[in-house]
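Colleague: The structure that follows is given in the form of structure tokens.
No value in this document is a laboratory result; all are computed from the given coordinates. These figures come from a predicted structure and were not determined experimentally. Note: ideal-geometry Cβ built from the backbone for every residue, glycine included; neighbour counts use all protein chains shown.
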Amino acid sequence: MQRVSKIIRNIGESRDETEKENQIRELCKIRGIDLPIASAILAACYPEEFMIIDRRVWNEVYHRKYLTRSPKIYLSYNLHCLKMAKKKKLRLRDLDKAYWGKNYYSELKAMFKLSNA
């Protein structure tokens, strides 16, 4: 647990993207922690700086491409979300909810072949 805390603190304090990438990679080496779990931990600890990587949000950001589990790609995704949240004047968590809801609605619409009503 101490190792996890130290890595999380290092990520939160770092301003260097390469260092963050390396620290996220270290975090993902810990048994039971993969990139989605790591992103959830970071989002819980630093909600104004990190977004949870989620299949639905990923689909909205990258137009239905397969979820890539790379720390470098995650940081790129996170940067996109930070910029979009700032542009839309939203908190990251609210942006996450908006993207998630949009994707969920799109899937339901396709599933039930709903009109644009």
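Colleague: Check the range 15-35 and report whether any residue there is farther than 30 Å from ALA110 by Cβ, assigned to a loop (DSSP other than H, G, I, E, B), in contact (Cβ under 8 Å) with a residue 12 or more places away in the chain and in contact with a Leu (Cβ under 8 Å, 6 or more places away or on another chain).
Modeller: yes
Colleague: One residue is enough: does the range 94-117 have a residue meeting the conditions without any contact (Cβ under 8 Å) to a residue 60 or more places away in the chain, touching a helix residue (DSSP H, G or I) at 6+ places or on another chain (Cβ under 9 Å), assigned to a loop (DSSP other than H, G, I, E, B) and surrounded by 15 or more Cβ atoms within 10 Å (Cβ to Cβ)? Quick ask: steps written out before the conclusion?
Modeller: Filtering the range 94-117 for residues without any contact (Cβ under 8 Å) to a residue 60 or more places away in the chain gives 94-117.
If we keep only those that are touching a helix residue (DSSP H, G or I) at 6+ places or on another chain (Cβ under 9 Å) as well, we get 94-96, 98-104, 106-107, 114-116.
Cutting the leftovers down to assigned to a loop (DSSP other than H, G, I, E, B) gives us 114-116.
Going one step further and asking which of them are surrounded by 15 or more Cβ atoms within 10 Å (Cβ to Cβ), we end up with none.
No, every residue in the range 94-117 fails to be without any contact (Cβ under 8 Å) to a residue 60 or more places away in the chain, touching a helix residue (DSSP H, G or I) at 6+ places or on another chain (Cβ under 9 Å), assigned to a loop (DSSP other than H, G, I, E, B) and surrounded by 15 or more Cβ atoms within 10 Å (Cβ to Cβ).
Colleague: Now a separate question. Would it be correct to say that LYS20 is basic (Lys, Arg), surrounded by 12 or more Cβ atoms within 10 Å (Cβ to Cβ) and either over 16 Å from ASP96 (Cβ atoms) or within 15 Å of the chain's Cα centre (by Cα) (or both)?
Modeller: Against the criterion (basic (Lys, Arg), surrounded by 12 or more Cβ atoms within 10 Å (Cβ to Cβ) and either over 16 Å from ASP96 (Cβ atoms) or within 15 Å of the chain's Cα centre (by Cα) (or both)), LYS20 qualifies.
Colleague: So if I check each of VAL57, VAL61, VAL4, which one is surrounded by 14 or more Cβ atoms within 10 Å (Cβ to Cβ), more than 30 Å from ALA110 (Cα to Cα) and touching a residue at least 24 places away in the same chain (Cβ under 8 Å)?
Modeller: VAL4
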